[in-house]
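The values are calculated or read from the model by the stated rules, or taken from the named source; none is laboratory data. Here the structure is a predicted model, which means the values were calculated and not measured. Ideal geometry is used to build each Cβ from the backbone, glycine not excepted, and the neighbour counts take in all protein chains shown. Side chains are part of the model used for accessible areas, which takes the heavy atoms of the whole protein and leaves out ligands, DNA and RNA. Shrake-Rupley method; radii C 1.70, N 1.55, O 1.52, S 1.80 Å.
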Amino acid sequence: MKQVNVGLLGFGTIGTGVVKVLQEKKEQLAQVIGTELNLKWVCDIDLTRARAVKMSKKLLTNDANQVLTDPEVDIIIELIGGIHPALEYILTALQNKKHVVTANKALLAEHGKEIFSTAAKVNKSVYFEGSVGGGIPIINAINVGLAANRINSVFGILNGTTNYILTRMAQEGADYQTVLKDAQQLGFAEADPTLDVSGMDAAHKLVILASLAFQTPIELKEVLVEGITEITASDIQYAREFGYVIKLLAIGKRTEQGIEVRVHPTMLPKDNLLTSVNGVYNAILVEGDTVGTTLFYGRGAGMMPTASAVISDVITLSKQILCSRVNEKCNIPSTMNFSLPIGKKHIPIKPIPRLTSKYYLRFSALDQPGVLAAISGILSRYKISISAVIQKGRKAKDVVPIVMMTHEAMEASIQQALVEIDKLPVIKRKSILIRVED
């Protein structure tokens, strides 16, 4: 049987992992697929720096078009990241009748409609298991393993950098900046960590997961995104006193008012399955009406876990290609089953102001009589009921932290109340809000 030829765009960390797997597991992959999987091209702008694999220079090129237009290439693997020129490369690959495998979550979240519309027109497939959760096979699980379910919610710790930071802060009582610096030195955080700590990386992944889980197109602009930069060691300690753990959570939830899609620091009860997920690990809880609650756990990033996901897509596509060579009727492209939904939205997105939740509130106030009464009075006017209060000693000159837990309240009411509270002369810093998921 004729071999399946692969062209790789991007020879960085993940690309190196993919080459390593293709080289070391060549015979195993051939047995699984039914024919040889041949790496024909590796393209990168820098072909001189040392990598952890050795390969023939005949396979190397810095000309992407040489790979994209080669008629013998069956599958293009895009691992260069970013939006441009990755978008143009994928569209060109599809127009040249090639299947595509990508781990580019930002590209799919922001330009998925264009990519999958093009794939459908040319009857080719775009696979993207590596875009969410690293080596966790969550995309295949939602598309195939849980296909018999009406998925009601998907909750995830989707960013290893922020989970590492929050874990260290919780275990050591360290401050955010100290742990971030350590994470950068250890390679767990980028030199510019903004994409991770702002919550945007998790938001890209949530767009993909929620779109698949609820089978309706979701746009990045519809997701509430908040990061961890305002979380302090004190917040983590107060949460512990209330019986909670703080995690940066990506939440997709089906409600009667529509779908909630949000990424933000979240207080979870200590006995929640996700609270024991520490360090750089990821975990995703999926609740279906048939299966109940399922947990997917593993390394959410890194060379080999992500390479594992990429190769799994290549294997599936290779089997599809072989099948079509034998019998054209056997070629059932996954663009209809595995693509992000690209049609009209059939489930509305629930506006964030209509969200109902319990809330953790931290105020930095002057140490003087009447402060607690003033804060409580404003909350009461917005029908926000307080369930617990912690007031500690001074953290700064004449300033004390006042921490409250509320009963369920409307997001709009909480936000309006905080605007008024922050205008009080006794409040010295912007108040902190953390939502609670019980």
Can you tell me the orientation of helix 233-242 relative to the chain, as the angle in degrees between its alpha-carbon axis and the longest Cα principal axis, to the nearest 10? 70 degrees
Rounded to the nearest 5, the percent of antiparallel DSSP beta bridges in the chain equals 70 percent
Relative contact order in percent for the chain (Cα pairs under 8 Å, 6+ apart) equals 17 percent
Read-out Cα Rg over 2.2 N^0.38 Å, derived from the coordinates shown; its label in (1) 1.10; (2) 0.98; (3) 1.68: (1)
What percent does the relative contact order of segment 1-106 come to when contacts are Cα pairs within less than 8 Å and at least six residues apart? 32 percent
Holding the Cα-Cα limit at 31 Å, pick out from Lys26/Lys253; Lys344/Lys430; Lys20/Lys270; Lys205/Lys319 the pairs that are longer than that. Lys26/Lys253; Lys344/Lys430; Lys20/Lys270
How high is the relative contact order of segment 92-133, in percent, counting Cα pairs under 8 Å that sit 6 or more residues apart? 55 percent
Please identify every one of the trypsin sites (Lys or Arg not before Pro) in segment 62-110 that sits in a loop by DSSP and has no more than 15 other beta carbons within 10 Å of its own beta carbon. Lys97
Tell me whether segment 76-199 comes out rounded, prolate or oblate; compute the Cα gyration tensor, take square roots of the eigenvalues as a ≥ b ≥ c, and use a/c under 1.5 as the rounded threshold. oblate
Kindly provide the trypsin sites (Lys or Arg not before Pro) of segment 11-58 that DSSP labels as loop, not H, G, I, E or B, and whose Cβ sees at most 10 other Cβ atoms within 10 Å. Arg49, Lys54
Nearby aspartates and glutamates by direct alpha-carbon distance to Lys57 (threshold 15 angstrom, same-chain neighbours under 8 apart not counted): Asp44, Asp46
Taking amide H positions as placed in the peptide plane 1.01 Å from N, state which residues far from Arg429 in sequence (5 or more) or on other chains have amide H under 5 Å from it. Ser364
Mean projected area in nm² (Cα convex hull; one quarter of hull surface) for segment 1-129: 7.8 nm²
Pairs of lysine in segment 84-199 with Cα under 23 Å and at least 8 positions apart or on different chains: total? 12
Solvent-accessible area per residue for the chain at a 1.4 Å probe radius, Å²? 44 Å²
Round to the nearest 10 and give me the degree value, 0 to 90, for the angle of helix 411-422's Cα axis relative to the longest principal axis of the chain. 50 degrees
Karplus-derived 3J(HN,Hα), 6.51/-1.76/1.60, for each residue of segment 244-251, Hz, glycine and proline x: 10, 10, 9, 10, 7, 10, 9, 10
Tally up the carbon and sulfur contribution to the accessible surface of the chain as a whole percent, 1.4 Å probe, everything protein left in place. 51 percent
GluC sites (Glu not before Pro) restricted to segment 187-251 and DSSP loop, no more than 16 other C-beta within 10 Å: Glu190, Glu219, Glu230
Tell me, what ³J(HN,Hα) does each residue in segment 288-295 have, in order and in whole Hz, if you take phi through Karplus 6.51 cos²θ - 1.76 cosθ + 1.60 with θ = phi - 60° and put x for Gly and Pro? x, 6, 9, 7, x, 9, 10, 10
With angles folded into 0 to 90 degrees, how steeply does helix 303-326 sit against the dominant principal axis of the chain? Use alpha carbons for both and round to 10. 40 degrees
Does segment 111-183 come out rounded, prolate or oblate by the C-alpha gyration tensor, with a ≥ b ≥ c the root eigenvalues, rounded set by a/c under 1.5 and, if not, prolate when a/b is larger than b/c and oblate if not? prolate
Need the C-alpha centroid separation for segment 198-241 versus segment 403-438, integer Å. 19 Å
